[in-house]
Amino acid sequence: MLFDKTYGIDLGSSSVKVYSSIRNKSYVEKNMIASRGRRIIAVGNEAYEMFEKAPTDISVSSPMAFGMIANLELQEIVLYSMMRKIDKILSIGSVMYFSVPLDMTAVEKRAYYQVANGHWLRKNRVYMVEAPIADALAMGVDIEKNEGSMVVNIGAQSTEFSIITGGKIIISKKIPIGGRQMNEAICSEVRKRYNLQIGTRTGKRLKLVMGRLADQHKQARKVVGIDSVSGLPREEIVSSYVVNAGIMNCVNEIGSEMKTFLERTPPQIAYQIAKEGIYLTGGSTRIPHIDTYLASYTGFAYNLSDLYETSAVSGLEKIIRDKELSKWAQPITQRKL
């Protein structure tokens, strides 16, 4: 046990986060893979650099979709490639803690087991930790003595609301809206206003640079895209008003779903949530003032995490380092499935 290699792994639609106990460090890399037929060309950050730039015969995609494993074989390759960068010699029989979505079927659980015990990675012990629990631990929520806490994770392709009380998750809901949908909404707004087609990578850059929500500070950025009429490349000055309009369409929908979710929450728990504030995390919470905007929309205060997309893997790190927290990890075995 002393020489066991232990890893905390969060497979996200946008990026893979891995914590190595031996190195005591977390690593983040894009969850992307570029392939031509059966041949793998690039993995991780290198594949992301090819995204929306590669020729038509090269496919660049993420093996995850809406927080779930969509392509088992490709996800194993991405994880193996990343772990080889962390540890050149991968020992057999490592311990892997995965941050996983709630309410998974037996088939979905088997997918996580197969990622850690497939063709490239073998004989590893696999444990799963529910993602809202990992997020809550990372943000310092006392799960044991808890009268009611709400954790909201706005990820790359989905947003998950969860309420924790009495040491367990009592209500949870996932909606298919996240950072990627915001990027696409920005692209749609630019196309409508300027007759200009831009890629989602450009949309993401505009979101992070000019997205302000509560603070409507006037800004403008020059972008290059394809003219919708002529089909030729051209430059255009895009204003922050257009960018915020695209973001608000998605954030308003998240706020509306959140209000409906809170209305169905028992009053005594809703009172406790209002008292301590809603815990907000996820990669898409990097948008400035998103907590202030949601507070004005829902009427609840928010505790914004500064961990962003690494909150789940930080929670896994706490579980790995503190034996008393290991009860939140459940083993996955192939035999039982």
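Quick notes on this structure:
- Residue in region 178-194 that is among the β-branched types (V, I, T) and modelled with pLDDT of 95 or more present: yes
- Given (1) in a helix (DSSP H, G or I); (2) of a type in the set (G, A, S); (3) under 13 Å from I287 (Cα atoms), number of the condition A214 does not satisfy: (1)
- The residues of region 136-184 that are within 19 Å of D291 (Cβ to Cβ) and of a type in the set (D, E, K, R) amount to a single one, E160.
- Residue satisfying all of: in region 231-252; hydrophobic (A, V, I, L, M, F, W, C) and open to solvent by less than 40 Å² (accessible area, probe 1.4 Å); nearest to I163 (Cα to Cα) among these: V251
- Within region 195-215, the set of residues being in contact with a helix residue (DSSP H, G or I) (Cβ under 9 Å, 6 or more places away or on another chain), in contact (Cβ under 8 Å) with a residue 24 or more places away in the chain and open to solvent by 30 Å² or more (accessible area, probe 1.4 Å) comprises Q197, T200, R201, K204, L208, R212, A214, D215.
- L316 over 19 Å from Q157 (Cα atoms), open to solvent by 60 Å² or more (accessible area, probe 1.4 Å) and touching a strand residue (DSSP E or B) at 6+ places or on another chain (Cβ under 9 Å): no
- Residue within region 216-223 that is open to solvent by 70 Å² or more (accessible area, probe 1.4 Å) and in contact with a Gly (Cβ under 8 Å, 6 or more places away or on another chain) present: no
- G255 vs. criteria touching a strand residue (DSSP E or B) at 6+ places or on another chain (Cβ under 8 Å), in contact (Cβ under 8 Å) with a residue 12 or more places away in the chain, buried (at least 16 other Cβ atoms within 10 Å of the Cβ) and not hydroxyl-bearing (S, T, Y): no
- Condition broken by G118, with the remaining ones in (1) open to solvent by 10 Å² or more (accessible area, probe 1.4 Å); (2) touching a Leu at 6+ places or on another chain (Cβ under 9 Å); (3) within 24 Å of T298 (Cβ to Cβ); (4) not hydrophobic (A, V, I, L, M, F, W, C) satisfied: (3)
- Meets criteria (out of contact with any helix residue (DSSP H, G or I) (no Cβ under 6 Å at 6 or more places or on another chain) and either under 19 Å from I320 (Cα atoms) or assigned to a strand (DSSP E or B) (or both)) for I77: no
- If you go through region 134-154 and pick out every residue that is modelled with pLDDT of 95 or more and of a type in the set (V, I, T), you end up with 3.
- Scanning region 14-56 for residues that are β-branched (V, I, T) and assigned to a loop (DSSP other than H, G, I, E, B) gives I22, T56.
- Restricting attention to region 4-41, the residues being surrounded by fewer than 21 Cβ atoms within 10 Å (Cβ to Cβ) and in contact (Cβ under 8 Å) with a residue 12 or more places away in the chain number 15.
- Screening region 258-281 for residues that are of a type in the set (S, T, N, Q) and either out of contact with any helix residue (DSSP H, G or I) (no Cβ under 7 Å at 6 or more places or on another chain) or modelled with pLDDT under 95 (or both) and picking the one that is most open to solvent (accessible area, probe 1.4 Å) gives Q268.
The values are calculated or read from the model by the stated rules, or taken from the named source; none is laboratory data. No experiment lies behind these values; they were computed from the predicted model shown. When we count neighbours, we look across all protein chains shown, and the Cβ atoms used for this are built from the backbone with ideal geometry, even at glycine. We work out accessible area using only protein heavy atoms, side chains counted, and drop any ligands, DNA or RNA first. Shrake-Rupley method; radii C 1.70, N 1.55, O 1.52, S 1.80 Å.
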